[in-house]
Each structure stands twice: as structure tokens, then as C-alpha cells.
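Here the structure is laid out as C-alpha cells; the discussion comes afterwards.
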Amino acid sequence: MTYLGENLLPKTDVVVRGEAAAPMVLPTGAHVLRFAVKEVLAGTEAGKTLLVVAGSPDLLPPEGSVAILFLKRLGRGRYEPMGLIDTMGRDAKARISTLRKYLAIEIMTGAAEKRIALRDFLLTNLESKDEFLRWSAARELANFTRRNGAYLKAPHLARIRAARSRGKAKAFLSLLDTSLAQAGAPPEPARKKASAVDGGPAGPEYRELRRLFERWKKVPVKAVERLDILRRATATWLRHSAPLLLDALDDEDASVRRMAALQLGEGEFTSAEPALRKRLSEERDRDVLSALIHSLGLLKSQKALPSILAQGKAADQVRGAAFAAARIGGDLANEWLDGLLATYNRETEADRSIRRLVAFLRSEAFTRQEKALAEIRKRRLR
């Protein structure tokens, strides 16, 4: 199913993680080293030290290094290396965890279950902040979709496109383009023009804002240009920027979506609440999710509260969800904040920090802070 499952595992009897001794060269030209086994990842091997024999040193790890070897049995305790994975350096943990998952998928019995498990694992890694995981997933997706493109439906293709919009390296983008093509993805529709964006408000004082509206309607190709339009418009004319921000909420670039989500809350555009809720249900980018939670909290969206609290189960969203819950209020919000106190009850700094946050959110200091921030937002809208 995986690339290593197709190309490496059929030639492999055992996969082991261990430490390499100094290699030796025999008179026959063979390269030999002893490998101290720390863990057997696949196959069966009871020996604690293996003799690894290779025709060249390319698949032998350096002396003293910890590595994973894919080995073909030559005899009792003697193996030939078929593959090597370095487990030293900053990506070691990610390499090992990825390999473990691939091996676990390969031994699954159901063909469909295998494909679904691999697809979901790769899409999750493609959205990771870890560069190794993203690249590994992109390479594996290009291999997976050669034969299994039918397992990627519209939501999965949308996640690949979202990852592509955040990528920069040409090789990375090429891998994702290959995956999309092999999965039979239809051409991505052009970013829709802002149907709600007309010429802008009348009056000479809004001349510059009308120019920004015109620039936006031409759909600038570069995300940095679209961000510049939003920054300029909201810096001076926030109260008139809702059409731009609503259109930008579905932008292909996460940084543009994030700014739109934040400013719709800062502008207290209650009419944008349904659009923000819809975006919350679809969004995958963690920073954009934080912005959506923030703004829906400012808008006191009771309808969004269950989704916000569900997002708050993740460690990176718990604080934002807590602020939103306090702002929205009600029985459900209070019960969830009580649950935070019960969950974060250990004497660690992280748990104490959450308990202090809940105490602050239920204090007069928080009420005063909210009033002060509301006044600041009102001044921006004048």
C-alpha cells in the first residue's frame, strides 16, 4: 500500500532499530558490521546482535549511529540490508513515528480499511507544521494516488489544495499537483469575484477606498497584494469593509482568510456571523481557526458555541475557546469552563495557567477589560 510496502517490504524479512558497530571489509570485498538490536519493528528476530553483510557500504549506518534497517535473512543471525533509515538528527522522532504508522497500516487485513487509514494519515501529516511530515506526506500521496485516486473525494481534494496554497517549494507543489491529477481532480475554479463588492461608498472622502474596491474586484494573483488591500481598507474604513472581508473569508490563502476572520469580529459585523460559522465548519488551518473562534466570541454567537467548544479540546485552541465561551456566556459555556477546571487539575505550570485563565474570565477584571476593548472597537468604527 505504501511506497515501502510496494518496493521494500517484499524483499525484507525483518525491520529493526539499533546501533551500528564499526564496519569491517572482508578479503572478499564484502562490508560487515555488527548491529545491536534495540527494537524489532516488523518480522521476528530474537537475537540481540546481528551480523549485517553488504556488497557496498551504502546501506550500512555509520559507527555509533542509531538507525532502522530493513534486512533480508541470509542465515541464522546474518542479514543483508535492503534499506536504511537514519534516526539521528532533528527529524528522527517524526521519521520513526511515520514508519511505525506505515508498518501498522501494511499489516491491516482489509484492503479498503488500509487505503482509508493511509489516506487519512497522509492528509493529516500534509497539514502538519512539521516540514518533514508535510514533505513525507506529499511524496507518499503522489505514490498512493497512482492506483488509489478514487479514495480521494471532494473534501480530501480540498484539503490537498489548501495545503498547496500554503506551500512554496516547487518540488512540493509538483508532488501535490501530481496527486490531484492522478485522483482525477477537476481544475480548481478561479477564485470567485466579489459579487457583493460594488464601487464602494459615495463621497470624496472615500475616493481611496473606492480604488481599493476596484483593485479587489480585479482579483490580484498574489496573496500579499490581497492582504495589502484588506490592511489599507480596514485601517481607515473598517466600518465600510464588510463586503471585502466577507469575500476574503473564502480566499485560497490562509493568511488572507485569517485577516478577514479577525476584522469581521473587530468590526462587530453581526451580519457576518453565518459566514463565520460556515467557515469554522470547513477550516483546516489552525491560525485561521483561532481567528474564527475569536471573532465568533466577540459576536457572542450562541449557534457557534458547540463548534467552538469542540475545537477547544485541542491544546492550541483551548485558550481562545475559553475567551469565546466567557464572552458568549450561558449554561453550556459555564459548564465547559467548569470542565476545564476539572480537566486541568494537576500541579503543573500548564494546568495552573488554565486555572488562572478561568478565574480571570470569571472576574470583574475581565468585565472591565471587555468594556475597554469594546470602546476601542467603537472608535475604529466612527
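If I filter segment 293-313 down to residues being touching a Lys or Arg at 6+ places or on another chain (Cβ under 8 Å) and over 16 Å from Leu264 (Cα atoms), which single residue comes out as surrounded by the most Cβ atoms within 10 Å (Cβ to Cβ)?
Looking at residues that are touching a Lys or Arg at 6+ places or on another chain (Cβ under 8 Å) and over 16 Å from Leu264 (Cα atoms), I get Ser307.
To keep it simple, each residue is scored yes or no on (1) aromatic (Phe, Trp, Tyr); (2) assigned by TED's automatic domain parsing to the domain that holds Ala223; (3) in a helix (DSSP H, G or I); (4) under 19 Å from the mean Cα position of the chain (by Cα).
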position	(1), (2), (3), (4)
Ile116	no, no, yes, yes
Ser128	no, no, no, yes
Ala137	no, no, yes, yes
Glu140	no, no, yes, yes
Arg146	no, no, yes, no
Arg161	no, no, yes, yes
Arg164	no, no, yes, yes
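For Val197, indicate whether it is at pLDDT below 85, in a loop (DSSP other than H, G, I, E, B), touching a Pro at 6+ places or on another chain (Cβ under 7 Å) and among the β-branched types (Val, Ile, Thr).
It is true that Val197 is at pLDDT below 85, in a loop (DSSP other than H, G, I, E, B), touching a Pro at 6+ places or on another chain (Cβ under 7 Å) and among the β-branched types (Val, Ile, Thr).
From Gly83, Gly77, which residue is on the phi > 0 side of the Ramachandran plot and either surrounded by fewer than 16 Cβ atoms within 10 Å (Cβ to Cβ) or touching a residue at least 40 places away in the same chain (Cβ under 8 Å) (or both)?
Checking each option against the conditions leaves just Gly77.
Any idea which of (1) assigned to a loop (DSSP other than H, G, I, E, B); (2) without any contact (Cβ under 8 Å) to a residue 40 or more places away in the chain; (3) under 26 Å from Thr124 (Cβ atoms) is the one Ser301 doesn't satisfy?
(3)
Which pairs do you get when a residue that is free of Cβ contacts under 8 Å to residues at least 24 places away in the same chain and surrounded by 14 or more Cβ atoms within 10 Å (Cβ to Cβ), found in segment 208-220, comes within reach of a residue that is outside any helix (DSSP H, G or I) and not basic (Lys, Arg), reach meaning Cβ atoms under 7 angstrom, with the pair 6+ apart or on two chains?
What qualifies is Arg210/Gly199; Arg210/Gly200.
Look at segment 166-194 and say how many of its residues are in a helix (DSSP H, G or I) and modelled with pLDDT of 90 or more.
Going through segment 166-194 one residue at a time, the tally reaches 12.
Which of (1) in contact with a Leu (Cβ under 8 Å, 6 or more places away or on another chain); (2) surrounded by fewer than 17 Cβ atoms within 10 Å (Cβ to Cβ) does Ala150 not meet, given it meets every other one?
It fails just one condition, (1).
Is it fair to say Ser136 is touching an Asp or Glu at 6+ places or on another chain (Cβ under 8 Å), of a type in the set (Gly, Ala, Ser) and more than 16 Å from His31 (Cα to Cα)?
So Ser136 does not fit the description; no.
Name the residue, out of Arg279, Arg258, Arg284, that is buried (at least 20 other Cβ atoms within 10 Å of the Cβ), under 20 Å from Leu157 (Cα atoms) and outside the structural domain of Leu123 (by TED's automatic domain parsing).
Going through Arg279, Arg258, Arg284 in turn, the sole match is Arg279.
Just give me the residues in segment 1-39 being of a type in the set (Asp, Glu) and either surrounded by 18 or more Cβ atoms within 10 Å (Cβ to Cβ) or closer than 30 Å to Phe144 by Cβ (or both), in sequence order.
Glu6, Asp13, Glu39
Look at Glu347 and say whether it is surrounded by fewer than 19 Cβ atoms within 10 Å (Cβ to Cβ), in the same structural domain as Glu375 (by TED's automatic domain parsing) and not in a helix (DSSP H, G or I).
In short, yes.
When you scan segment 1-89 for strands (runs of 3 or more DSSP E) that lie fully inside it, which ones turn up with 1 or more residues that are in contact with a Ser or Thr (Cβ under 9 Å, 6 or more places away or on another chain) and either over 28 Å from Arg139 (Cα atoms) or outside the structural domain of Glu113 (by TED's automatic domain parsing) (or both)?
Filter on segment 1-89 gives 14-20, 31-42, 66-75, 78-86.
For segment 104-112, indicate whether the set of residues that are in contact (Cβ under 8 Å) with a residue 40 or more places away in the chain, crowded, with 16+ Cβ neighbours inside 10 Å and either assigned to a helix (DSSP H, G or I) or out of contact with any helix residue (DSSP H, G or I) (no Cβ under 9 Å at 6 or more places or on another chain) (or both) is non-empty.
Within segment 104-112, one or more residues are in contact (Cβ under 8 Å) with a residue 40 or more places away in the chain, crowded, with 16+ Cβ neighbours inside 10 Å and either assigned to a helix (DSSP H, G or I) or out of contact with any helix residue (DSSP H, G or I) (no Cβ under 9 Å at 6 or more places or on another chain) (or both).
Within segment 128-179, which residues are closer than 19 Å to Thr2 by Cα and hydroxyl-bearing (Ser, Thr, Tyr)?
Ser136, Thr145, Tyr151, Thr178, Ser179
If a residue counts only when it is closer than 19 Å to Arg161 by Cβ and free of Cβ contacts under 8 Å to residues at least 12 places away in the same chain, which helices (runs of 4 or more DSSP H) contained entirely in segment 223-295 have at least 1 such residues?
So the answer is 273-282.
The values are calculated or read from the model by the stated rules, or taken from the named source; none is laboratory data. Because the structure is a prediction, the values reported are computed rather than measured. Because the Cβ atoms are built from the backbone with ideal geometry, glycine has one as well, and the counts that use them run over all protein chains shown.
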